[in-house]
Amino acid sequence: MMGLSVGPLLYWWPREALLNFYAELADAPVHGIVLGELVCSRRNEIRFDDWLAIARELRAAGKDVRLATQALIMSEAELRTLRRVCEQDEFPVEAGDAAALQVLSRLRRRPITLGPHLNIYNADALGEHAALGADRWVAPVELPLDTVACVNPAPSAITTEVWGFGRLPLAFSARCFTARHHRLQKDDCQFRCRDDADGLLLRTGEGEDFLALNGVQTQSAALQCLIAQGVALRNAGVGLLRLSPCGTHFMRVVELFDAVFARGADAQDALAELRGLPLPGRLVDGFARRQPGLAEAA
């Protein structure tokens, strides 16, 4: 049976909202939860010790909890935080970049999750990373499912995880585009990304939703949704579907994915209900089907 995981929160939500979100997740039908600040170290309202406390509570609720490292390291302070995450020995680590892999390899930490921002596009690359102690890899979001099957053919000791729901992470930059939008310097950003629970929407000249700005991260405006791709996911040997948090109706999203993948509910009915929810973007699944990424979820 395919399990569900919840990826790290990619946005800056108020502290109380974040704590309430994870308290709700403790009772949600998900197997794993990844915690930590992946995007920007200036989002420091939740400290490392806070993340550990949340992780312990979720572990006590029966969840497989892992801690994520930042995807783009740009300062010595961020490198110190990365080392602190990697050196703690309570929870496995999801490596956000090659720097984390280097530290984890030196420490001989096991197991390791290979995050979606690592460039793993063939079986040889996955094998090299597996030798470092990886037991799970999150496929790059643009990989079609038939390619995922080729990269990690079953049977395999590594669990394959695929981005099943949420805005697609497309790029990171040393420049903060949210600050630039508000005509602010990155080091004096006034934490304006706190105003955007799902990122800052960017539209084309024709008025169509195109991208979302999330500080130093650029995302798709649309939400990947693979709820109707059960056959292709199973054929690709996928063991976990990653659901990326959004600011509205996320718990209902979790319930619908669980209904389809754990209890045999009709996928098209679930997809129709998802389309009817006021989610922060339309639903797409083109990358998974070897189509343009913005192709409507089918």
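The values are calculated or read from the model by the stated rules, or taken from the named source; none is laboratory data. All values reported here derive from a predicted model rather than from experimental measurement. Virtual Cβ from ideal backbone geometry, glycine too; neighbours counted across all protein chains shown.
Quick grid of which residues meet (1) of a type in the set (S, T, N, Q); (2) modelled with pLDDT of 95 or more:
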{"position": "GLY205", "(1), (2)": "no, no"}
{"position": "THR218", "(1), (2)": "yes, yes"}
{"position": "LEU226", "(1), (2)": "no, yes"}
{"position": "VAL253", "(1), (2)": "no, yes"}
{"position": "ASP258", "(1), (2)": "no, yes"}
{"position": "ASP285", "(1), (2)": "no, yes"}
{"position": "LEU294", "(1), (2)": "no, no"}
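Filter the range 167-210 down to the residues that are in contact (Cβ under 8 Å) with a residue 12 or more places away in the chain and assigned to a loop (DSSP other than H, G, I, E, B), then identify the one that is surrounded by the fewest Cβ atoms within 10 Å (Cβ to Cβ).
Result: ALA174.
Residues in the range 211-264 that are without any contact (Cβ under 8 Å) to a residue 40 or more places away in the chain and in a strand (DSSP E or B): how many?
Adding up the residues that qualify gives 1.
Which of the residues spanning the range 106-162 are among the acidic types (Asp, Glu) and surrounded by 15 or more Cβ atoms within 10 Å (Cβ to Cβ)?
GLU142, GLU161
Say whether the condition of being assigned to a strand (DSSP E or B), within 20 Å of the chain's Cα centre (by Cα) and not small (Gly, Ala, Ser) is met by at least one residue in the range 268-280.
Within the range 268-280 (the criterion being assigned to a strand (DSSP E or B), within 20 Å of the chain's Cα centre (by Cα) and not small (Gly, Ala, Ser)), the answer is no, since none of the residues qualifies.
With the requirement that a residue be among the basic types (Lys, Arg) and either more than 28 Å from ALA197 (Cα to Cα) or buried (at least 18 other Cβ atoms within 10 Å of the Cβ) (or both), what does the range 235-271 give you?
If the condition is that a residue be among the basic types (Lys, Arg) and either more than 28 Å from ALA197 (Cα to Cα) or buried (at least 18 other Cβ atoms within 10 Å of the Cβ) (or both), then ARG242, ARG263 are the ones that fit.
Of ILE73, ILE54, which residue is assigned to a helix (DSSP H, G or I) and not small (Gly, Ala, Ser)?
Of the residues listed, the single one that is assigned to a helix (DSSP H, G or I) and not small (Gly, Ala, Ser) is ILE54.
For the range 272-298, which positions are over 18 Å from ASP209 (Cβ atoms), surrounded by fewer than 20 Cβ atoms within 10 Å (Cβ to Cβ) and touching a residue at least 40 places away in the same chain (Cβ under 8 Å)?
ARG289, ARG290, ALA298
For (1) surrounded by 17 or more Cβ atoms within 10 Å (Cβ to Cβ); (2) touching an Asp or Glu at 6+ places or on another chain (Cβ under 7 Å); (3) free of Cβ contacts under 8 Å to residues at least 40 places away in the same chain, each residue gets a yes or a no:
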{"residue": "ALA60", "(1), (2), (3)": "no, no, yes"}
{"residue": "GLU76", "(1), (2), (3)": "no, no, yes"}
{"residue": "THR81", "(1), (2), (3)": "yes, no, no"}
{"residue": "GLN88", "(1), (2), (3)": "no, no, yes"}
{"residue": "VAL93", "(1), (2), (3)": "yes, no, yes"}
{"residue": "GLY96", "(1), (2), (3)": "yes, no, no"}
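Would you point out the residue of the range 143-158, among those that are assigned to a loop (DSSP other than H, G, I, E, B), under 20 Å from the mean Cα position of the chain (by Cα) and in contact (Cβ under 8 Å) with a residue 60 or more places away in the chain, that is nearest to ASN122 (Cα to Cα)?
Applying the filter and picking the extreme gives ASN152.
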